[in-house]
1. For the stretch 25-62, name all the residues that are surrounded by fewer than 16 Cβ atoms within 10 Å (Cβ to Cβ) and in contact with a Gly (Cβ under 7 Å, 6 or more places away or on another chain).
2. When Asp53 is evaluated against the numbered criteria (1) in contact with a helix residue (DSSP H, G or I) (Cβ under 9 Å, 6 or more places away or on another chain); (2) at pLDDT 85 or above; (3) of a type outside the set (S, T, N, Q), which criterion, by number, is the only one it fails?
3. Failed condition for Lys94, given (1) in a helix (DSSP H, G or I); (2) under 25 Å from Val35 (Cβ atoms); (3) basic (Lys, Arg), with all others met?
4. State all residues of the stretch 109-130 that are outside any helix (DSSP H, G or I) and either surrounded by 10 or more Cβ atoms within 10 Å (Cβ to Cβ) or not β-branched (Val, Ile, Thr) (or both); if no residue qualifies, say none.
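The values are calculated or read from the model by the stated rules, or taken from the named source; none is laboratory data. As the structure is a computational prediction, the values presented were derived from the model and not from experiment. Cβ placement follows ideal geometry from the backbone for every residue including glycine, while neighbour counts extend to all protein chains displayed.
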Amino acid sequence: MLKGFKEFIAQGNVIDLAVAVVIGAAFTAIVNTIVEQLINPLIGLLFNAENLDQAFIVEVGSAKFGFGAVIAAIISFLAVALVVYFVFVVPMNKMKELQAARNPAVEEDTLPTEQELLIEIRDALRKNAS
């Protein structure tokens, strides 16, 4: 049981995933700080609020709905996604393209389709029959 676990942990993709989670968390903290400290106050200025979390508050009876906080969370998510895309995805795709250009994949012989096999069998039967 432990041997299987050791093999699982030793796989490269598990290590890569762990590194990605740590780096993602670090970038999330940076982007969240930028959104909270720069973008939210700027948007809050437009709506006469201290920050975006305090804008668009709708009171219905004793309940308060903070639509500004939801908008702030959406902006934060989009900012994180944008950073991850341009910092990780774009360079990785470029690297894969360059690697594929350097080492073109060897094309495997394709197997005949079912229809092609049936045609060959038919032709062979006709040839044997005559």
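1. Glu50, Ile57
2. (2)
3. (2)
4. Asp109, Leu111, Pro112, Ser130
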